[in-house]
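The values are calculated or read from the model by the stated rules, or taken from the named source; none is laboratory data. Here the structure is a predicted model, which means the values were calculated and not measured. As a convention, Cβ positions derive from the backbone with ideal geometry for all residues, glycine included, and neighbour counts pool all protein chains shown.
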Amino acid sequence: MKVQKNLSEISERLSKAREELRIAEEQVLFQSDVMEDAKTRMLVSETPLADREFRTARDDYERLVAQRGRAQAEIVELQGEQDRLLDRMLGPRS
C-alpha cells in the first residue's frame, strides 16, 4: 500500500509541476516579446533609460528561462521516481 500512496503523491506533484511548466512557458513567451520590444527601443533611441529597460527585460527573461528549466528538471525527476515505484509495484518480471 505504501507504494500506491507514494505513486499517488508523485502523481499530484507531477500534475503541479506540469502546471508550473505551462505557466513558465507562457511567461517566457510573453517576456520574450517584452525583451524584443525593449531591444528595439534601445537600438532606436540610444538612451541610457532604454538601455536599462532592455537589460531589465533581458534579466527577467533569463530568470524565467531558468525557472522553466527547473520545472522541466523536476518533471523528469518525478517521472523517473514514478517509473521506479511502478517497477517495484509490478515486481520482478520473468
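Residues in segment 1-43 that are in contact with a helix residue (DSSP H, G or I) (Cβ under 8 Å, 6 or more places away or on another chain) and exposed (fewer than 11 other Cβ atoms within 10 Å of the Cβ): Gln4 only.
Criterion applied to Arg93, Arg22, Arg88, Arg18 was being in a helix (DSSP H, G or I), closer than 30 Å to Lys5 by Cβ and modelled with pLDDT under 95, and the one residue passing it is Arg88. In segment 13-45, which residue that is hydrophobic (A, V, I, L, M, F, W, C) and closer than 15 Å to Ala57 by Cα is farthest from the chain's Cα centre (by Cα)? Once the filter is applied, the top-ranked residue is Leu43. When segment 53-81 is filtered for residues that are small (Gly, Ala, Ser), surrounded by 13 or more Cβ atoms within 10 Å (Cβ to Cβ) and over 17 Å from Glu20 (Cβ atoms), only Ala57 remains. Taking segment 49-94 as the range and being closer than 18 Å to Gln27 by Cβ and either touching a His at 6+ places or on another chain (Cβ under 9 Å) or hydroxyl-bearing (Ser, Thr, Tyr) (or both) as the test, the residues that pass are Thr56, Tyr61.
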